[in-house]
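Following: one structure in structure tokens, then a few remarks.
A short reminder: the numbers here are calculations on the coordinates, not readings from a lab. Quick caveat, the model's predicted, so the values are computed rather than measured. Here the Cβ positions follow ideal geometry from the backbone for every residue, glycine too, while neighbour counts run over all protein chains shown.
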Amino acid sequence: MSRRLLYWLVQLFGWIGYCLLIFSSVYVQDSKGIDAEFIASLSAMGLSGILLTHLQRLLMIRWGWLDMKLAPLVPRLLLSSLFTSSIITFVWVGASFVIQSKDDWLKQEITTSGMVLSIVSMGVVILFWNAIYFTVHLFRKSRKQEISNLSLAASNRESELKNLRSQLNPHFLFNSLNGIRALVDIDPNKAKVSITALSNLLRQSLVMGRQNKVTVESELEIVRNYLDLEKIRFEDRLTVDWEIDDELLNIQIPPFVVQMMVENAVKHGISHLKEGGEVSISVRKEKNEVVLEVRNSGSLRKVTDTAVGIA
């Protein structure tokens with residue numbers, strides 16, 4: 001349902017309900033007072049209420065009242081409500097004068113106090129209408145602001161992620177080339193195999209780098225290729241333990257999150273151990289959360305240069 005249609009439905013049923021309330025009150029006090037002329041004048045009052053409150057709404061939007069603070073807004077609402085209620089009351093009285101016969105009109109006693117009371121009671125109704133309208137407007141405004149804040153926060157996180165991801169490829173390439181450089185003099189054939197593996201791995205990483213999310217299976221594939229490349233350099237000094245829940249392979253995650261942790265585990269953990277060590281990679285479900293965990297058998301040094309990695 002559109003906002004415009006909802007507004008007119010609330011307007012229509014609200015004023016119909018108010019007219020029915022007056023009708024019931026008159027009927028309880030004096031059922032003989034209910035006649036065609038009374039219903040016609042009551043209908044004129046309800047119709048004028050719909051039109052005048054709608055006009056008041058348009059003026060409030062045009063004059064910028066919806067964006068005002070409470071202190072300057074309250075006196076304006078009081079005066080406009082009093083003015084609107086006065087017009088509606090005079091329309092009701094005028095309609096009664098036009099519709100009813102001259103004899104019936106002369107029998108009615110209209111006093112200043114009665115008019116004032118009618119204007120005040122109608123003013124309370126208009127104020128209640130304004131309160132509902134401003135409450136709905138403020139609620140919508142707060143929702144829009146909340147959505148805007150969430151969008152901004154999501155945009156900031158996405159920018160941070162893209163910034164980190166843009167640095168991961170050079171970071172990863174730098175570490176891999178250092179490993180291949182160490183093999184050039186020791187084992188040229190192994191260095192050639194490493195270069196081929198690196199080119200295949202970089203091709204995969206370029207494809208993943210264009211995506212905002214990848215499956216766990218795709219992420220683990222690039223991790224396996226990276227570890228195969230590192231095993232060429234470390235040989236038996238690097239062992240890998242996999243603990244993967246196959247039911248979670250299709251879960252969507254940001255690219256390179258696991259690869260980044262594995263790279264840090266090798267660089268800051270295994271590479272400093274003469275005897276080598278083990279990297280353990282786990283993807284499991286705990287309660288309602290998916291846990292991606294990377295562990296290594298090394299120990300963290302007191303001073304660690306994390307560069308563009310993680311602490």
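Which of the chymotrypsin sites (Phe, Trp or Tyr not before Pro) found in the stretch 1-90 are loop residues per DSSP with 13 or fewer other Cβ atoms within 10 Å of their Cβ?
Trp63
Helix 112-186 versus the longest principal axis of the chain: what angle, 0 to 90°, nearest 10, using Cα atoms?
Helix 112-186 sits at roughly 10 degrees to that axis.
Take the Cα radius of gyration of the chain and divide it by 2.2 N^0.38 Å, with N its residue count; two decimals is plenty. Please list the in-between numbers first.
Numbers: Rg = 38.1 Å, N = 311, 2.2 N^0.38 = 19.5 Å.
With N residues counted in the chain, Rg over 2.2 N^0.38 Å equals 1.96.
Within the set of other residues whose C-beta is less than 13 Å from the C-beta of Arg237, count the net charge using Lys and Arg as +1 and Asp and Glu as -1.
Values: positive: Lys231, Arg233, Lys274; negative: Glu230, Glu235, Asp236, Glu275, Glu278.
Computed value for this residue: -2.
Given the rule -39500 (n - 2.57) for each run of at least 4 DSSP H residues, summed and divided by the residues of the chain, what is its mean residue ellipticity at 222 nm, to the nearest 500 deg cm²/dmol?
Result for the chain: -25000 deg cm²/dmol, rounded to the nearest 500.
Starting from the 7 Å offset along Cα-to-Cβ, what nm value, one decimal, do you get for the label separation of Ser43 and Leu177?
Result: 8.7 nm between the two label points.
Please list, in order along the stretch 41-46, the HN-Hα scalar couplings obtained from phi with the Karplus expression 6.51 cos²θ - 1.76 cosθ + 1.60 (θ = phi - 60°), rounded to whole Hz, x for Gly and Pro.
5, 5, 5, 4, 5, x
Under 5 Å between amide H atoms, partner at least 5 residues away or on a different chain: which partners does Ile244 have, H built in plane at 1.01 Å?
Val283
Which ³J(HN,Hα) values, rounded to whole Hz and listed in residue order, are derived for the stretch 70-78 from phi using the Karplus coefficients 6.51, -1.76 and 1.60 in 6.51 cos²θ - 1.76 cosθ + 1.60 with θ = phi - 60°, glycine and proline given as x?
Each residue's phi maps through the Karplus curve to give 5, 4, x, 7, 4, x, 5, 5, 4 Hz.
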